[in-house]
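All remarks here apply to the structure that follows.
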Amino acid sequence: MLQQLYIKNFTLIDELDIELHPGFSVITGETGAGKSIILGAVGLLLGQRADTKTIKQGADRCIIEAHFDLTRYQLKPFFEDNDIDYDAADSIIRRELTAAGKSRAFINDTPVSLSLLKELGDMLVDVHSQHQNLLLGKQDFQLEVIDTLAKDQDTLTTYQQTYSAYHDKQRQLQELQEEMERNRQNLDFLQFQYDELEQARLVEDEQEAMEQLRETMTHSEDIKTGLYETQNHLAADEQGVLSLLRKSLSALHSITKVYPTSEEWIERMESCQIELKDIAQDVEARLDDIDFDPAELERINLRLDKLYDLQKKYHADTVAELIQQRDELKRQLNQIENSDEALATLQDELDVLQKKCQQQAETLTMFRQKAAKEIERQMHERLVPLGMPNVRFEVKVNKTELHKNGQDDVAFLFSANTSSPLQPIAQVASGGEIARVMLSLKAMISGAIKLPTIIFDEIDTGVSGKIAERMAEIMQEMGANDRQVISITHLPQIAALGSTHYKVSKEETTKGTASRMQLLSEEERIHEIAQMLSGSDITAAAIQNAKELLKL
C-alpha cells in the first residue's frame, strides 16, 4: 500500500512530502484547493501521459515519487520477470518530467518504459474518479466486472488464445477464397501466360551465353585476324617469339660455366617458354573455332529477340525472373486445380477451432451465470442500507455470437422502486444512485482481488446524511482488509469515519499560489468537520456536531 508520497514542482505544489497510512483515510479541502492536482500527480505516477504545462512555473522539472509496502501482495514475479530489484517493504516508483518535454520513469531506481510503469501501477492503485461512473453504462466494463468476480481469468485467457487462432484461421480461409476467386476469373489468362513461358523453354544462363556468341560471330573476321597475327608473332619460324626465345636460351646455356648467374635467367625463361608455347597452341586451336555462320547468327538473334520480348512483356530484367514468374503461374494454376481440397482442409481446421471455442465459451458462460446470481444477491444486500429499500438489480447474461471475450454480452439492469421496470442502469439511475452502485461494485471487486490502494474521488456525489454515512462505513470496511482506501470528499459524514484525515489547502506565498496537504490532529479535525457542517462561521453547535460525528 502507499506509504509515502513526494511531489515537487507540480502545478501549484512546490514541494509536498507526506506519509500515508493503512485503513480508511479521507482528504478534504475547499473546491479549488488542489485535491485534483494531487490526483493528477498520482495519475502521472501510474503511467498517464504527461504535459509540460503541469510543471510549476519557473521550474525546470517536476518529480513525483511514491513508496509502497508490498509485503502482503504477491508481486515479486513482476519484478523478477522485468529484471527489477525487489524490496517488498519499500518499493519506490518515480516519474520525472522536464520543461523540455522529456519524461523518465523508474521502479526501484531502474529506468523503465511508461507502459511497464502503467502495468505495475494498475496492480498497485485504483483511482475511481467521477467520470468512471460513466463506465457503468459500457458493456465491456460490465463484462469485466462479472469476470473479475467470477474468477474465471485462466479460463478466459485459454479461450482468448483459442479464439485468436480461430480468428486467424477465418482470415486465412477468407484470403484463400478471395485469391481463388480472382484466379478463377483470370484462369484463361493465367493459362495463356504459363503456356507462353513454358513453351519458351527458358534456361537461366542462356541469354548471357547467346549474347556473347552473337558478339563473337558478329566480329569473327576481326577476331580471326587478331588471333592469326598473335599466333604468327609467337610461333613464326625465324622471327617468332618462341624461336627468338630458343635462341636466347641457347646463348645463355653456352655461358653457364663461366657465368653462373645465367642459370637463374635460364630457369625463368624456360618457364616463360612453356607458358608462351601453351598460349600459341590455344590460339591456333581457337582459330579453327572462329567461323561466321549466317544461319546460326540469325537463329541466335531470333532467340534473343524472343527473350527480350518476353522480358518486356512480363516486366522482367532477366531470364531468371521470367522463370520465377512461370513457376508462380504454375503454382496458381495448381492451386486452382486443387482449390476444393485446400478449402476443405482449411474449413475442417476452422470447424475444429470453432467447436473448441464454443466449448470454452460455454464454460465461461457457466462461470458468469453463477457469478451473476451472486452479484445480484450481494448488490441487493449492499444497496438497501444505502437508501434504496425497493431496489432491484439484475445481471443479464445474453448469449451472442463468438467474440474475443466469449459468447456473452452482459447488461446491468436497475430499478430503484417497484413501480419502474428494470432497464439498463445508465439510462435510469440518477447520479447519486450510480455512485452508490459503483461503490458497492468496488467493494465487491476489492474483496475478489487484492488491490493495495483504492482512491475514491468524490464518489459521494449526489448523496448526503445517513446514506453518506453508510457509504463511509463501506469504505471503512474495505480499508480493514489489508487494504488502503482513500476518499476525497466534501461530506462531513464521510470525513468523520476516516481513521486518518488530511486537508488540502491553498495559500498565497511570495512565489505565488501554492497548494499544501497536511495530516490533521484531533483538534484540527474537529475544526475542519465543523467548518464542513456550518461553513466559514463555525458555531458551537457545529463543533458539538463534529464531535458527535467523530464519536468524541
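The values are calculated or read from the model by the stated rules, or taken from the named source; none is laboratory data. Keep in mind it's a predicted model, so treat the numbers as computed, not measured. Using ideal geometry, Cβ is built from the backbone for each residue, glycine included, and neighbour counts are taken over all protein chains shown. In case anyone asks, the SASA skips ligands and DNA or RNA and just uses the protein heavy atoms, side chains included. Shrake-Rupley method; radii C 1.70, N 1.55, O 1.52, S 1.80 Å.
Annotation note: of Gln185, Gln161, Gln193, Gln207, the sole residue that is open to solvent by 70 Å² or more (accessible area, probe 1.4 Å) and either farther than 30 Å from Phe412 by Cβ or touching a helix residue (DSSP H, G or I) at 6+ places or on another chain (Cβ under 8 Å) (or both) is Gln185. What about Val241, is it within 30 Å of Asp188 (Cβ to Cβ) and buried (at least 16 other Cβ atoms within 10 Å of the Cβ)? No; evaluated as a whole, the condition is false for this residue.
With respect to Lys551, is the statement that it is at positive phi, among the basic types (Lys, Arg), loosely packed, with under 14 Cβ neighbours inside 10 Å and out of contact with any strand residue (DSSP E or B) (no Cβ under 6 Å at 6 or more places or on another chain) true? First the steps, then the outcome.
Working: at positive phi: yes; among the basic types (Lys, Arg): yes; loosely packed, with under 14 Cβ neighbours inside 10 Å: yes; out of contact with any strand residue (DSSP E or B) (no Cβ under 6 Å at 6 or more places or on another chain): yes.
When the stated conditions are applied, Lys551 passes them.
For region 399-417, the condition holds for no residue, the condition being that it is touching a strand residue (DSSP E or B) at 6+ places or on another chain (Cβ under 8 Å), assigned to a helix (DSSP H, G or I) and either buried (at least 16 other Cβ atoms within 10 Å of the Cβ) or at pLDDT below 90 (or both). Filtering region 376-391 to residues that are out of contact with any helix residue (DSSP H, G or I) (no Cβ under 8 Å at 6 or more places or on another chain) and open to solvent by 50 Å² or more (accessible area, probe 1.4 Å) leaves Arg377, His380, Glu381, Val384, Pro389, Asn390.
With respect to the conditions (1) closer than 30 Å to Ile425 by Cβ; (2) modelled with pLDDT of 85 or more, Gln130 falls short on a single one, namely (2).
Of the residues that make up region 33-46, is at least one at pLDDT below 85, buried (at least 20 other Cβ atoms within 10 Å of the Cβ) and among the charged types (D, E, K, R)? Yes; the residues of region 33-46 include at least one that is at pLDDT below 85, buried (at least 20 other Cβ atoms within 10 Å of the Cβ) and among the charged types (D, E, K, R). Those strands (runs of 3 or more DSSP E) of region 461-552 in which 1 or more residues are charged (D, E, K, R) and under 41 Å from the mean Cα position of the chain (by Cα) occupy 500-509, 512-519.
Checking the structure you have, find out if any residue of region 63-83 is open to solvent by 60 Å² or more (accessible area, probe 1.4 Å) and under 22 Å from Met475 (Cβ atoms).
Checked region 63-83: at least one residue is open to solvent by 60 Å² or more (accessible area, probe 1.4 Å) and under 22 Å from Met475 (Cβ atoms).
When region 363-398 is examined, which residues are found to be free of Cβ contacts under 8 Å to residues at least 40 places away in the same chain, in a strand (DSSP E or B) and not charged (D, E, K, R)? Spell out the reasoning first.
Taking region 363-398 first, the residues free of Cβ contacts under 8 Å to residues at least 40 places away in the same chain are 366, 369, 373, 376-377, 380-381, 384, 389-392, 394, 396, 398.
Among the residues that remain, those that are also in a strand (DSSP E or B) are: 392, 394, 396, 398.
Asn398, the sole residue that qualifies.
Of all the criteria given as (1) under 60 Å from the mean Cα position of the chain (by Cα); (2) of a type in the set (D, E, K, R); (3) more than 30 Å from Leu329 (Cα to Cα), the one not satisfied by Glu196 is (3). Just checking, which of Arg436, Arg483 is touching a residue at least 40 places away in the same chain (Cβ under 8 Å), touching a Lys or Arg at 6+ places or on another chain (Cβ under 9 Å) and within 30 Å of His67 (Cβ to Cβ)? Of Arg436, Arg483, the one residue that is touching a residue at least 40 places away in the same chain (Cβ under 8 Å), touching a Lys or Arg at 6+ places or on another chain (Cβ under 9 Å) and within 30 Å of His67 (Cβ to Cβ) is Arg483.
Residue pairs whose Cβ atoms lie under 9 Å apart, sitting 6 or more positions apart in sequence or on different chains, and linking a residue in region 137-149 that is touching a residue at least 24 places away in the same chain (Cβ under 8 Å) and β-branched (Val, Ile, Thr) to a partner that is surrounded by 16 or more Cβ atoms within 10 Å (Cβ to Cβ) and assigned to a loop (DSSP other than H, G, I, E, B), are Ile146/Asp152. Scanning region 6-18 for residues that are under 13 Å from Ser515 (Cβ atoms) and either buried (at least 21 other Cβ atoms within 10 Å of the Cβ) or not acidic (Asp, Glu) (or both) gives Ile7, Lys8, Asn9, Phe10, Thr11, Leu12, Ile13, Leu16, Ile18. Would you be able to say whether some residue in region 423-444 is part of a loop (DSSP other than H, G, I, E, B), more than 24 Å from Ile455 (Cα to Cα) and open to solvent by 40 Å² or more (accessible area, probe 1.4 Å)? Among the residues of region 423-444, not one is part of a loop (DSSP other than H, G, I, E, B), more than 24 Å from Ile455 (Cα to Cα) and open to solvent by 40 Å² or more (accessible area, probe 1.4 Å), which makes the answer no.
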